[in-house]
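Everything below concerns the one structure shown next.
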Amino acid sequence: MNRAVRLTAAALCAAVGALVIAMVAGGAATPRIIPGLPDEGTLTRWMLPLSKLAMDVSGVLTVGLLAAAAAFLPSDKGLLGKQAQSYVKGASWSALAWAVAAAVALVFSLSETLGMPVGQVLAGNELTSYASQVPQGIALTLVVLFAVAIALFARGAITAGAAGGLLAFALVTLLPPALTGHQATSPNHGLATTSVAMHLLFLALWVGGLGVVSVHALRGQPHLDVAAARFSRMALWCFLGVGLSGLASVFARLASPEAVFTTSYGLLIVAKSAAFAVLGFIGWRHRGRTLPRLSAGEPHAFLRLALNEVLLMGATIGLAVALSRTAPPPVDTPVDRAYELLGYLVPPPISLGNLLTLWWFDLFFAVLAAVMAGLYAAGVVRLVRRGDRWPVGRTVSWSIGVVILVLSTQSGVARYSPVLFSVHMTEHMILSMLVPIFLVLGAPVTLALRALKSAVRRGDRGPREWLTVILHSRVMKVVSHPAIATAIFVVSTFALYFTPLFAAAMEEHLGHIAMTVHFLLSGSLFFWVIIGVDPAPYKLPHYGRLLLLMVTMPFHAFFGIALMSMGTVLASGYYDQLGRTWGVSSLTDQQTGGGIAWAFGEIPTLIVLLALGFQWWRDDERVARRAERRADAVAAKSGGTGDAELDAYNDYLTKLNKRDTAAG
C-alpha cells in the first residue's frame, strides 16, 4: 500500500512540475501587466491552473477506477467482485474531490474573468450570475453537479452494469470545460470541438486505466493478468484515438506548419507530442514483452514499464493543462458572422457541381463511418476464417448504408446543410429514413454475436456478454416496443422543429452532431422494428409490420405540409446572421424543405415494402420446409404420408373399401 501511495505522489509531482515548467516557458506565469487595467493577482494566476489540474487528475482517476471495476476485473454473473466494489467506492471519493476542485476552479475562473483578486470576488455577488449565465461558469457548474451525482450513486453500485453506467456518466462530465476553451473560438471550431472531445475521452481512459492497473499491481491484488491484458487491448485503441484527435486539433488551431516551431503554443504541442510518442513506444514494449511474462506469473515485469509510464502520463496531463492556459497563435480570419458560426464563408450558389465538389470534413462522422465499416469487415473476416458463412447481401446492404452516411455528412450536402433549410431537410430525410434501412438489413448485432468470442471465465462479461445484456435490458425493452419506437420516430421530428430546440441546435456544432445522431438512432430503432434482421425483444407479425409502416409514413407527409403552410421562418435569427445573398428567400427555401419532407417518404417506403415482402416470403418458405420435414419424420415412424388430414382421409377410404368388400 505504501508503494501505491508513493506512486500516486510521484505522479502528482510530475504533473505539477510539468505544469510549472510549461507555464513559465509559455509565458502564462508572467503575463504582461498594463498599469491601469484590472489584474487578478498572482494567487489566481497560479491557483486557477492548479485547481484545473486537480480537477483533471481527479476526473481521470474516477474514470480509471470505474473502468477497472466495470471492464478490467472479472465479474460473476454481473455482480462486482470484492476488489471491483472497492474501486467503485474509491471512485465515489475521487468524484467528490473532482466536485470540490471544480468549485475552486469556478471561483478562480471568475476572478480571472473579472480581473479581480479572489477576495473581492468572494465578497461580491457575481458568482451566481457567472455560474448560471457565462459558458465557462456553466461548464464548471455542470462538473460540480455531475461529479456529486457520481459520488452519491457510486456508494451503492454493486453490479457491472451500474459501474458501466457511472463510467459513461463520468466521461460525459469531462467534456463541458474542455468544450468552452480555446477551441470554441478557433476558426475551424467544428473540427476543434470534435477533436478536443475525442482527445480528452481517449486520454482519460488511457491514463486513468493505466494508473489504476498499476496500483492494482503494486498492491498485489488478484487477476492482474486479466486486468493488464484487457487494459492493453483498450490502450491500443486509445493510443490511435489520441493521436488522430491530436493531429486534427493541431490542424484546427494553427494557421501554418511553421507555427509549430515559432510559437509557445506550438512548442508545447511538440513537447506533448514527444511524450505521446514515448508512451506509444512503452505501450508497444508492454504489449510485446511484458504481457507474456505476466501470464507466466511474473507480476514485477508489468511494474517495470508501467510505473515509468504513469509518471510520464502525469507529466503529460500537466502539459495539457498548461496548453489550455496558453493562447494559440492568432489567425487572420474574415470578420464575418457566417464564418464564426460555420467555420467557413457562405458557399457559392448551390448547384449539382458544388454539391459534388465542395466537400467538408467532419471528424466525428468520418471516424464513425470508419469504425462502422472496419468493425463490420473484421466480423465478416473472422467468420470466413472460421469457415462460417455470412450472406453477401447483408454485407452489401451495410456498405451502402455507410457510403450514403459518408456522402451525407462529408460532401457538399454537409457544407450547404447549415445554410439552406431545404438541404438540411434532405440530409435529415436521408439520415433518418434511408441510411437506417440499409444498416438494419445488414444485421450488425447478429454478426457481432456470431463473431465475438465468449468470455474465458464463466459468469464474466466480455464484449459479447455486454452486448447480450444491453439487448435484454429494461431500457432496450422499453425503447424497442413498437409503440415507443414509432413515437420517438414521429414525435421527435415535430418536437425538434416546432420548438426552440432547432434554433439552439443550429447555433452550435455539437447541436448539429446531436441532431444528426438522433436522426440515425431514431430511424434505426424504427426500421429495426419493421424490417430488422437482428433479434429484438418484440417480434411483430408481418401484417402488423406492414400496418405500422402504413400508419407511420403519413405523419411525415403531415409534417411536410405543416412546413409548407408556415408563414414564419424557423430559426430565423440563425439564418439572418448568415447573410446569404443568393437564392430564394429563407421562407421559400423552408417551403421547399417542407415539400422534400412530404415527397421523400415514397422512396424509403418502396424499399421497405420490397424488403418486407421478401422477408415474408422467406418466412413462409421456411415454415413450409419445416412442415415438410415434420411430415416426413411422422411418415417414417407411422408408415403414412406424414399429413394428418390426408392420412385420416385415406383411413376413411380404406374403411369404406373394407365395408363394401364385406357386403359383397
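Beyond a 29 Å Cα-Cα separation, which of these cross-linked pairs lie in this structure: Lys82/Lys539; Lys82/Lys477; Lys89/Lys453; Lys77/Lys539? Beyond 29 Å between Cα atoms: Lys82/Lys539; Lys82/Lys477; Lys89/Lys453. The Rg/Rh ratio of region 487-539, with Rg taken over Cα atoms and Rh as the Kirkwood radius over Cα pairs, comes to 1.09.
When peptides 424-437, 157-170 are sorted by average Cβ neighbour count within 10 Å, with the highest value leading, the order is 424-437, 157-170. Restriction of the trypsin sites (Lys or Arg not before Pro) in region 74-154 to DSSP coil positions whose beta-carbon has at most 16 other beta-carbons within 10 angstrom yields Lys77.
Amide H contacts of Thr159: Leu80, each under 5 Å away and 5 or more positions distant or on a separate chain (H built 1.01 Å from N in the peptide plane; Pro and chain starts excluded). Once the Cα-Cα distance is subtracted from the 0.36 nm per residue extended length, the Asp336 to Ile484 segment shows a gain of 48.9 nm. Centre-to-centre, using Cα atoms only, region 202-231 and region 95-167 are separated by 28 Å. Dimensions of region 511-556 based on its C-alpha atoms, expressed as ranges along the principal axes with the largest first, amount to 38, 27, 12 Å.
Take the Cα of Met564, step 7 Å toward its Cβ, do the same at Leu352, and the gap between the two points is 2.4 nm. Diagonalising the gyration tensor over the Cα atoms of region 369-437 and scaling each eigenvalue by 5 before taking the square root yields semi-axes of 32, 11, 6 Å, largest first. Take each peptide in 102-109, 358-365, 120-127, count the other Cβ atoms within 10 Å of every residue, and average; sorted highest first, the result is 102-109, 358-365, 120-127. Counting only protein heavy atoms and a 1.4 Å probe, region 326-441 has 45 square angstrom of accessible area per residue. Taking trypsin sites (Lys or Arg not before Pro) across region 190-240, the ones in a DSSP loop with at most 13 further Cβ atoms lying within 10 angstrom of their Cβ are Arg219.
Just order 136-144, 56-64 by mean Cβ neighbour count inside 10 Å, highest at the front, would you?
Descending packing order for the listed peptides: 56-64, 136-144.
Taken along its three principal axes, the alpha carbon spread of region 443-533 comes to 50, 29, 21 Å, from the longest extent down to the shortest.
Using a probe of 1.4 Å on the protein chains alone, the accessible area found for Ser572 is around 50 Å².
Rounded, prolate or oblate: which fits region 102-212 when a ≥ b ≥ c are the square roots of the eigenvalues of the alpha-carbon gyration tensor, with rounded for a/c under 1.5 and prolate only if a/b beats b/c? Please list the in-between numbers first.
Values: a/c = 2.52, a/b = 1.38, b/c = 1.82.
Oblate is the answer for region 102-212, as a/c is 1.5 or above yet b/c matches or exceeds a/b.
The values are calculated or read from the model by the stated rules, or taken from the named source; none is laboratory data. Note that the structure is predicted; figures quoted are calculated from it, not measured. Glycine also receives a Cβ, built like all others from the backbone with ideal geometry; neighbour counts cover every protein chain displayed. Ligands, DNA and RNA are excluded from the accessible area calculation, which covers all protein heavy atoms including side chains. Shrake-Rupley method; radii C 1.70, N 1.55, O 1.52, S 1.80 Å.
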